[in-house]
1. Report those strands (runs of 3 or more DSSP E) wholly inside the range A:16-114 carrying at least 2 residues which are touching a residue at least 40 places away in the same chain (Cβ under 8 Å) and farther than 30 Å from A:Arg294 by Cα.
2. Keeping to the range A:94-118, report how many residues are more than 9 Å from chain B (Cβ to nearest Cβ) and open to solvent by 20 Å² or more (accessible area, probe 1.4 Å).
3. Across the range B:67-87, what is the total count of residues that are under 27 Å from B:Ser183 (Cα atoms) and surrounded by fewer than 14 Cβ atoms within 10 Å (Cβ to Cβ)?
4. Determine whether the range A:11-32 contains at least one residue that is within 20 Å of A:Gly204 (Cβ to Cβ), under 17 Å from the mean Cα position of the chain (by Cα), open to solvent by 30 Å² or more (accessible area, probe 1.4 Å) and among the acidic types (Asp, Glu).
5. Being within 19 Å of A:Val167 (Cβ to Cβ) and open to solvent by 30 Å² or more (accessible area, probe 1.4 Å) is the filter; apply it to the range A:125-154 and report the residue that is modelled with the lowest pLDDT.
6. Please list, ordered by residue number, the helices (runs of 4 or more DSSP H) wholly in the range B:322-408 having 3 or more residues that are assigned by TED's automatic domain parsing to the domain that holds B:Trp298 and more than 15 Å from B:Leu206 (Cβ to Cβ).
7. Return the residues of the range A:70-82 that are closer than 14 Å to B:Leu240 by Cα, open to solvent by 20 Å² or more (accessible area, probe 1.4 Å) and within 23 Å of the chain's Cα centre (by Cα); say none if nothing qualifies.
8. Kindly check whether there is at least one residue in the range A:221-243 that is open to solvent by less than 20 Å² (accessible area, probe 1.4 Å) and under 17 Å from the mean Cα position of the chain (by Cα).
Amino acid sequence: MGDGRLEVDAVSKRYGDVVALDALSFEVRAGELFGFVGSNGAGKTTAMRIILGVVTADAGQVRYDGAPLTLRTRRRIGYMPEERGLYPKMKVAEQLHYLAQLHGLGPAAARRAVARWTERLGVAARRDDEVQKLSLGNQQRVQLAAALVHDPVVLVLDEPFSGLDPVAVDVMSEVLRERRAAGVPVVFSSHQLDLVERLCDRVGIVRAGRMVACGPVDELRAGGGGRLVVDAPDAPAGWADGLAGVRVRGRDGSRTVLELGPGADDQAVLRAALASGPVREFHPRRPSLGELFRDVVRAGDDVVGAGDRVVGDGDDVVSDGDLVGADGE
Amino acid sequence: MPTVNEGAERDERDGELGAGRVLRLVAGREIGTRLRSRAFQITTALFVVAIAASVLVTTAVGGSSAQRVGVTAVDGTQAAAIGAAARSLDADVEVRTYADAAAGRQAVLDGDIDALVLVAPAAAEVGAGGVGATGGGYRVVVDSDLGDSLTSVLTVAARQAALEGQISALGGDPATVGRAVASAGVAVTALRPQPERDAARLVLGLLAGGLIYISLLIFGPVVAQSVIEEKTSRVVELLLAVIRPWQLMAGKVVGIGVVALGQLVLIGVVGVGLGLATGELDIPAGVAVGSVALALLWYLVGFTMYALMFAAAGALVSRQEDAGGVTAPMIATILIPYVLGISVLPSSPDSGLILTLAIIPLFAPILMPMVIGIGSAAVWQVLLALALTLAWIAVLVWLAGRVYGNAVKRSGTRVALRDALRAA
């Protein structure tokens, strides 16, 4: 095919009785930023580790450019693991030089790449310091440099924004956009949904090892249940209860955010609000990615309640991957 | 593939990294890290200093090197007498002749000789009887004092001279008496003769085994630590995305092995070199070098064997604190042969127990160099031990590779050995 696409095709993985991934599929096109979101334990990290071949899938396939990934093609992927991994006692430049060469660069090219990326990510002054002597933020920058130093044609970043200060978040965002502009498929996971919403072309929401929603952010938001914001200062608490198809999703001062189910009548809501007193504000709003995410997760819980045999809902039931330990957040 | 290149020239092979280059990269990193480690630098320096000091101190204290005695030309006949006395006492004495007493004194002051012997003429002049006149005593001029062994030699020589004087005085021929005395001796018939053992070879054998023991004890755990460090820091995940587990493990073993062998060679060269130069090592240089070469061969075999086991053991745990638990069995198998070797071999170099144990692969790298050094191992025993050890290494390459490959990606609690062997 040769279109530089990263495809995850029906990948499954189970650990004993625990299903970590259940025929998970998604694709990231060349020059596309793909946001991978889901609760802890939903399977994001396992999926990324399978892409990198650190974990072997029970079934399914990962392809790049139409061909299954091999050790050779994986050398051209830039990877940032969830559990940050660098030699603590090795100097920054030496470490990056070593990793660049393991990814296939010659010694001279590796040296130039190290100089360029340490400069670009603002750690050039720390090149000769041991990694363990750097602040966490700077270690994170070095980690990103390690993912970029061999000029990867695919980027897979697990939680690249966690633990970054706002300046570093800007640098990271800029670099990701730049890589996208260079035609690289970029996939990253994050819990910072506002960031995902702002940066990504497409988003995939994974739940219990399955892709439950996947598409452009706008499309997903348009498809979610509509929100209605009503500002009725004199309305008593619970004024909207009992309206057909309406769910109260939150209160913010005198404002109430309502979710309208299919067939709900927004005019009935307006009448109920006016009955309580003056109405200062009344407008429909599309759900944010965060709201959408919560909807999807909650809907999934209902499904579990309905007897679907899936494991790993919520925040902490299944450890992501076989790295049992800190959740990395 | 689309090019997204903005100046980073990739290897023309484009990600095609040969196993050889991967091994060189991994081993190179390991070597660099070890050589820069403060602990390694300090232990190496201490080792070299210790071995050099022990050789030099033994030389200075033991003084097995030749002692020099001067005589004046007038007393020239005493040179043979002193030499004979020295031989009878098994002492190494060199006799030099000086023109006169003044020259001899100067030689003592200059440190050229340890003692100047003058046949006492004083007694004859005093005329206290024939005894003195016939050369009864020696006057010995020394710088500050006369060593014990020289005192004995000179005493024997002086008494011999006095005896000969008396024999002459009584009308006998000292030479005839001397021959008669010399031919009288003790004829020993051993019913169960022991092959002759050279003490120096025993020392060399024990030293070789001891050094191998210490080096295995230092660098075996270093292999485990290095594996655990990569697990603890999670860098292993980054590495295993691009290289195979066996490449990482093999590169590590090779890298640390090169450093360990280098340290041992340095110690061996300094130790044997100084030993031969000072004459402390009283065996032919060829034998010494041969023993060292054989010991290094055994070290190489032993390190490979133990490093594989330490690497696999290290992969089972994720924290340095847990290293002790998984490496204890190997530490024990290194310790046991050494302790047995140094406690049994000095008294019974031909111990059947030790020779049997030396054929077992786990013990061979420490015990074999000991018995080879001593000279009690038959060639077939050495070859059998080598073949068995190499076979065990071949098994270990597979076994350790499997355990390492399966366990190294799993962090958290200790991985059970059974799971690591089974899991795909």
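The values are calculated or read from the model by the stated rules, or taken from the named source; none is laboratory data. This one's a predicted model, so the numbers in the text were calculated from it and none came from an experiment. Heads up, the Cβs are rebuilt from the backbone with ideal geometry, glycines too, and the neighbour counts pull from every protein chain shown. All accessible areas refer to the heavy atoms of the entire protein, side chains included, with ligands and DNA or RNA removed. Shrake-Rupley method; radii C 1.70, N 1.55, O 1.52, S 1.80 Å.
1. A:59-64, A:77-80
2. 4
3. Qualifying residue count for the region: 4.
4. yes
5. So, considering only residues that are within 19 Å of A:Val167 (Cβ to Cβ) and open to solvent by 30 Å² or more (accessible area, probe 1.4 Å), the one modelled with the lowest pLDDT is A:Leu136.
6. Working: elements: B:323-344, B:352-357, B:364-374, B:379-407.
Output list reads B:323-344, B:352-357, B:379-407.
7. To start, the set of residues in the range A:70-82 that are closer than 14 Å to B:Leu240 by Cα comprises A:70-81.
Those still in the list that are open to solvent by 20 Å² or more (accessible area, probe 1.4 Å) too: A:70-74, A:76.
A:Arg74, A:Arg76, listed by residue number.
8. So far as the range A:221-243 goes, no, none of its residues is open to solvent by less than 20 Å² (accessible area, probe 1.4 Å) and under 17 Å from the mean Cα position of the chain (by Cα).
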